[in-house]
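Participant: Below is a structure I'd like to ask you about.
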Amino acid sequence: MSNTSFPIPMLHSTIRIMAPFLLAAIGGLFTELAGMLNIALEGLMLIGAFFSVVLAAATGSLFLGVVLGILASIVAAYVFGFISLNLRANIFITGLATNLFAEGLTVVLAFQIFGNKGVIRFANLSKLPDLSIPSLQRIPVIGDIFIGHNVLIYISWLMVILAAIVIYKTPFGLRIRGTGSNPGAIEAIGLSPRRYGMYAILISGFTCGLAGAVLSLQMGAFVPGITSGRGWIALVAIYLGNKNPLGIFIACLVFGFAESFSNYAQGIMDVPADFILAFPYIITVVAMIAYSIVQHYRLKGSEG
Amino acid sequence: MAYLQMHGITKLYQTSGVLANNAVDLSIEENEVHAVIGENGAGKSTLMKLLYGLEHPDAGETFFRGERVEIKDPFAANRLGIGMVHQHFKLVPDFTVAENVVLGTEPRKRGIFIDRQSAIGHVAKVIEDHGFSIDPKRKVKELTVGQMQQVEIIKMLYKNAELLILDEPTSVLTEQEIERLFETLRNLLSRGKTIILITHKLEEVMDMSDRVTVMRGGKVVAVKRTVDVDKRELSRLMVGKDILLQVDRPAKEPGETILEMQGVTICCRGQQRPLLDGVDLKVRAGEIVGIAGVGGNGLAEIEDVIGGLRHPGSGKMFLNGEDVTRYGAEQLREAGLAYVPADRLNRGASLQSSVRENCIVTKHHDFLKAGVLLQRGIREFTRQLIDHFSISAGEGMRAGNLSGGNIQKMILARELSAESNFILFSEPTWGLDIASSQFVYEQMMDLRKRDAAVLLISSNLDEILGLADTILVMYRGRVVGRLANTEDVTKDIIGEYMLGIRDDSQGVAVASPSGVRGE
């Protein structure tokens, strides 16, 4: 193993791996700012993953697959939002229900359509097109990390920038943040906090659908429970990232690196595979503890 | 026709069944300060919410500048030029002043982006035009309460409001801030604005208003020109002249002191005025002491201190001769406290638990054997209480499924079963029907007969006058009146103490009504 070739591919795959985290977390940021703990990210992502790959295979169009996968996720988000906001069910319970529903639905449908509860491969599915951005290539040494990714990876970065603009630069973002901070203020000026809550949930449906599409289309297959806790880690990333897009980007980078590292380390390091596979989750726990310690001291500091 | 005319406004809250406004007429002239006064629950705030489009009336019409209007939401009110400052500010603490002001009507550039520069510019202009001194770029959470209120006023002015509604604007302000607010209001008046001032403070009415509408029990009881009335008459109109409740209260010589407070004071950070200011009180055996006052003047704090939920900053409290000042709720109960709290649904009972569990919660140790609760004994005990206090409930029922009257009976049963010689009742009949109230009164008189010391905290004057031997009146955290409850004591007199028109606290400690000085 040479010193230069090891980190570059690992970092390259970090970029690829972090995209679903990033997309789900950015959507979750909107619901978080609107004052809701959205634990349905995982389920919405799963629905996006299933429908995008299945419908891409069925229609023969990756683009249509992605669009329809996102649409499916938005529909699920709407139902989740309607029950939580309009029918005033506890959002934690409805979020949990969404996750369980998504898990069941995808397996049942997979079995119904393909007669298979396991991994479903789509051999005829074309690969996600790579995007070449020559200006990135010219960056010395680390330029290699950023090139040669598929188009959805770059879209996920665009989403971060877009989210930052929407949240901080538009009236819509101002109102979303107002809804979370003091719904009474939104109500008093004649706007509906519930409506802005719904908008935020639909946005999270959109980005989670896309996140799911990235997962399954990259693999060209659907695996039951393909999201394997990424929605939960995305939720952690929102808090670690201090509820702002840049912070979330950095948090997702850390999680992406952890997973990428565990992929590489399996073949190289003389450590039990179970431990290495658990590495991303250990990082999550460590990061969460570090975060709460920092928060604790910050609070203490502001009091004193 | 008047500038604003509301006619026959009726509002029934379906869920609670409260008729908050009953055929209310309100008439406001252009460029006047019109005070709307009344006690808590008189319907003032509801009327203003209807006018501002936050609630919708079940009946009635509103005319503004001669035209019939339907105000379906605050946007519609703003479009008509009606603005409102809520009693509890509606601000986003993390936003800047400018962001709070423009929220909902943000100036835009290129159609989709907030134009920050122009927002700050516009807000700065409103601030400058009206002589405020707030930096529009500061975050609201960094402002003082007085400044937050200014932001609310700026919000209205930014939206070009001509008719300004202020709901209890002075309730959270210090004296200096109140002065500053009144200055602002006079300034706005000179610019042709019209102001509706909701309040229950009479000095403000006398100082600021041109006319006054008095509400009581959801109805308008009087409309007067301020120059034609005095505080005394207004207080009489606010309190009303209902028939006193009839309870047989035989003369009785009180025994030794059971509960005593000495100079109990509570200061709250960030507030100039203490919540309780040197409160002295004594409750003797076989005596009922009643404490009256308008909400926010220290009644809740006295309840908290005696209940052991809040410790005084200074002063002492004794129960049966024992210094209980620093005791918590459990220790106080061991020292002989029984307590029927005002907030019976949260503090007085656990609605998720069964009647049985609620009945034994203060004495479950008595039913313990080897760390296990003896169900048979508990059932027996609960059934006895249910029989004795005629509670319509099964012992296994969830307390939350009981009616309000029965929940209160259950709490009474539990507290009286402790057979303490001191019992605190706070708002014991609030929201209860006549029969249940009567039951509570009988229990209190029975306690008095059995030589228990009873402290009754109540905003219901009929109750205080009907039951108490000694009456204390609280105003701004101080005991401003101490009266022996004789024939001469009337609702009017207590009402005047409650509203700060009379104040004995600077002079005589115990005064009979005949010795009471006026303003």
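Participant: Considering each of B:71, B:82 in turn, give the residue that is free of Cβ contacts under 8 Å to residues at least 24 places away in the same chain and of a type in the set (Val, Ile, Thr).
Facilitator: Working: B:82 fails: free of Cβ contacts under 8 Å to residues at least 24 places away in the same chain.
Exactly one of B:71, B:82 is free of Cβ contacts under 8 Å to residues at least 24 places away in the same chain and of a type in the set (Val, Ile, Thr), namely B:71.
Participant: Follow-up. Given A:184, A:197, A:180, A:205, which one is within 14 Å of another protein chain (Cβ to nearest Cβ) and touching a Leu at 6+ places or on another chain (Cβ under 6 Å)? It would help to see each step written out before you state the result.
Facilitator: Values: A:184 fails: touching a Leu at 6+ places or on another chain (Cβ under 6 Å); A:197 fails: within 14 Å of another protein chain (Cβ to nearest Cβ); A:205 fails: within 14 Å of another protein chain (Cβ to nearest Cβ).
None of the others qualify; the one that does is A:180.
Participant: Same structure again: Any idea how many residues of segment B:68-82 are open to solvent by 20 Å² or more (accessible area, probe 1.4 Å), away from chain A (no Cβ under 14 Å) and either of a type in the set (A, V, I, L, M) or under 18 Å from residue B:193 (Cβ atoms) (or both)?
Facilitator: Residues that pass the stated criteria total 1.
Participant: In addition: So which residues in segment A:78-109 are touching a Gly at 6+ places or on another chain (Cβ under 8 Å), over 14 Å from residue A:37 (Cβ atoms) and surrounded by 15 or more Cβ atoms within 10 Å (Cβ to Cβ)?
Facilitator: A:101, A:102, A:103
Participant: Just to be sure before I move on: is residue B:40 crowded, with 17+ Cβ neighbours inside 10 Å, modelled with pLDDT under 95 and away from chain A (no Cβ under 14 Å) in the structure I sent?
Facilitator: Working: crowded, with 17+ Cβ neighbours inside 10 Å: no; modelled with pLDDT under 95: yes; away from chain A (no Cβ under 14 Å): yes.
Considered against the rule, which asks whether it is crowded, with 17+ Cβ neighbours inside 10 Å, modelled with pLDDT under 95 and away from chain A (no Cβ under 14 Å), residue B:40 comes out as no.
Participant: Could you check residue B:293 against (1) farther than 23 Å from residue B:175 by Cα; (2) surrounded by 22 or more Cβ atoms within 10 Å (Cβ to Cβ); (3) not hydrophobic (A, V, I, L, M, F, W, C) and say which number it fails?
Facilitator: It fails just one condition, (1).
For (1) open to solvent by less than 20 Å² (accessible area, probe 1.4 Å); (2) in contact (Cβ under 8 Å) with a residue 40 or more places away in the chain; (3) not charged (D, E, K, R), each residue gets a yes or a no:
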| site | (1), (2), (3) |
| --- | --- |
| A:111 | no, no, yes |
| A:146 | no, yes, yes |
| A:170 | yes, no, yes |
| A:187 | no, no, no |
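Participant: Would you point out which residue out of B:218, B:240 is at pLDDT below 90, among the small types (Gly, Ala, Ser), in contact with a Gly (Cβ under 7 Å, 6 or more places away or on another chain) and over 30 Å from residue B:453 (Cβ atoms)?
Facilitator: Unique residue meeting the criteria: B:218.
Participant: So, one more: Test each condition in (1) open to solvent by less than 40 Å² (accessible area, probe 1.4 Å); (2) touching a helix residue (DSSP H, G or I) at 6+ places or on another chain (Cβ under 6 Å); (3) touching a residue at least 40 places away in the same chain (Cβ under 8 Å) for residue A:118 and report the one that comes out false.
Facilitator: (2)
Participant: Could you give every pair whose Cβ atoms fall below 7 Å, whose first residue belongs to segment B:129-155 and is small (Gly, Ala, Ser), and whose second residue is assigned to a loop (DSSP other than H, G, I, E, B), counting only separations of at least 6 or pairs across chains?
Facilitator: From segment B:129-155, the pairs are B:146/B:173.
Participant: Are there any strands (runs of 3 or more DSSP E) wholly within segment B:392-476 with 3 or more residues that are of a type in the set (A, V, I, L, M), and if so which? Talk me through it step by step, then tell me what you get.
Facilitator: Numbers: elements: B:422-426, B:453-457, B:470-475.
Of the strands (runs of 3 or more DSSP E) lying wholly inside segment B:392-476, those with at least 3 residues that are of a type in the set (A, V, I, L, M) span B:453-457, B:470-475.
Participant: Quick check: anything in segment B:53-67 free of Cβ contacts under 8 Å to residues at least 40 places away in the same chain, more than 26 Å from residue B:9 (Cβ to Cβ), of a type outside the set (S, T, N, Q) and more than 9 Å from every other protein chain (Cβ to nearest Cβ)?
Facilitator: no
Participant: Name the single residue, out of those in segment B:83-101 being open to solvent by 30 Å² or more (accessible area, probe 1.4 Å) and farther than 15 Å from residue A:173 by Cα, that is farthest from the other protein chains (Cβ to nearest Cβ).
Facilitator: Ranking the candidates gives B:87 first.
Participant: Are there any helices (runs of 4 or more DSSP H) wholly within segment A:100-208 with 1 or more residues that are over 30 Å from residue A:30 (Cα atoms), and if so which?
Facilitator: Details: elements: A:134-137, A:143-146, A:151-169, A:171-181, A:183-188.
Qualifying helices (runs of 4 or more DSSP H): A:134-137, A:143-146.
Participant: Of the residues that sit in segment B:106-139 and are closer than 27 Å to residue B:51 by Cβ and more than 8 Å from chain A (Cβ to nearest Cβ), which one is surrounded by the most Cβ atoms within 10 Å (Cβ to Cβ)? If you could, list the steps in order and put the result at the bottom.
Facilitator: Of segment B:106-139, the ones closer than 27 Å to residue B:51 by Cβ are B:106, B:122-123, B:126-127, B:129-130, B:132.
Remaining after also requiring more than 8 Å from chain A (Cβ to nearest Cβ): B:122-123, B:126-127, B:129-130, B:132.
Numbers: B:122: 17, B:123: 26, B:126: 19, B:127: 22, B:129: 11, B:130: 15, B:132: 19.
So, considering only residues that are closer than 27 Å to residue B:51 by Cβ and more than 8 Å from chain A (Cβ to nearest Cβ), the one surrounded by the most Cβ atoms within 10 Å (Cβ to Cβ) is B:123.
The values are calculated or read from the model by the stated rules, or taken from the named source; none is laboratory data. Please read these numbers as outputs of a predicted model, since none were measured by experiment. Neighbour counts run over all protein chains shown; Cβ positions are idealised from the backbone, glycine included. Just the protein is used for accessible areas: all its heavy atoms, side chains included, with ligands, DNA and RNA removed. Shrake-Rupley method; radii C 1.70, N 1.55, O 1.52, S 1.80 Å.
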